[in-house]
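J.: If you scroll down you'll find the structure; I have some questions about it.
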Amino acid sequence: MLIKINGVEIAAYPREFTVTTLDLDAETTARTADGNLNRDRITVKRQIDMSFGILTMAQVSGILQAMKDIYFDVEYPDPLIGDYTTKTFYVGNRPTPMALEKNGVIYWDGLKITLTER
């Protein structure tokens, strides 16, 4: 599997990688009195959830630095398309729990990232 941000391979690969296909509906989407759905789908977007195992300071910094811009391009395998694709995403909160410091080296464990297509 290959994951790139702005054309550069990410510093470390996630232990979990989930692509969710999202339908975005207009405000006019509603159910009628008999329960039928009148749907006005605006578009289909992607959300990518990634979680990482133990990372060195350089790895976690590399991943977070790659996502520092408001929007950025991500190349990833897309299950709906059935191939690699590149789409523009933004990132939400990025919790980064610290696991331990050993011999002066800090290791991080459990970084979680949610990317949402623009």
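J.: If I ask for residues that are touching a helix residue (DSSP H, G or I) at 6+ places or on another chain (Cβ under 8 Å) and at pLDDT below 90, which ones from the range 96-112 would you list?
T.: Residue satisfying the conditions is 105 alone.
J.: Then there is this: Scan the range 85-118 for residues that are more than 17 Å from the chain's Cα centre (by Cα) and in contact (Cβ under 8 Å) with a residue 40 or more places away in the chain and jot them down.
T.: 99, 105, 106, 107, 108, 109
J.: Sticking with this one: Say we look at the range 8-52 and pick out the residues that are small (Gly, Ala, Ser) and within 16 Å of the chain's Cα centre (by Cα); which of these is surrounded by the fewest Cβ atoms within 10 Å (Cβ to Cβ)?
T.: Filtering first and then ranking leaves 51.
J.: Do any strands (runs of 3 or more DSSP E) entirely within the range 35-109 hold 1 or more residues that are closer than 16 Å to residue 5 by Cα and either out of contact with any Pro (no Cβ under 8 Å at 6 or more places or on another chain) or basic (Lys, Arg) (or both), and if so, which?
T.: Fully inside the range 35-109 and qualifying: 41-51, 72-78, 83-91.
J.: Still on this model: Check 75, 101 and return the single one that is among the charged types (D, E, K, R) and within 15 Å of residue 13 (Cβ to Cβ).
T.: 75
J.: Applying the selection to the range 30-68, what residues are in contact (Cβ under 8 Å) with a residue 60 or more places away in the chain and over 15 Å from residue 112 (Cβ atoms)?
T.: Hits for the range 30-68 are 45, 46, 66.
The rows are residues; the columns are (1) modelled with pLDDT under 95; (2) of a type in the set (Lys, Arg); (3) touching a Leu at 6+ places or on another chain (Cβ under 9 Å).
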residue	(1), (2), (3)
33	yes, no, no
38	yes, no, no
42	yes, no, yes
49	no, no, yes
89	no, no, yes
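J.: Of all the residues that make up the range 63-72, how many are under 16 Å from residue 12 (Cα atoms) and either touching a Phe, Trp or Tyr at 6+ places or on another chain (Cβ under 8 Å) or surrounded by 13 or more Cβ atoms within 10 Å (Cβ to Cβ) (or both)?
T.: 4
J.: Still on this structure, I have one more. Can you tell me how many residues in the range 74-97 are surrounded by fewer than 12 Cβ atoms within 10 Å (Cβ to Cβ), over 21 Å from residue 23 (Cβ atoms) and touching a strand residue (DSSP E or B) at 6+ places or on another chain (Cβ under 7 Å)?
T.: 2
J.: A follow-up question, please. Tally the residues that are at pLDDT 95 or above and part of a loop (DSSP other than H, G, I, E, B), restricting the search to the range 14-29.
T.: 2
The values are calculated or read from the model by the stated rules, or taken from the named source; none is laboratory data. This structure is a prediction, so every number in the text was calculated from the model and none was measured. A quick note on method: Cβ atoms are made from the backbone with ideal geometry, for glycine too, and the neighbour counts reach across all protein chains shown.
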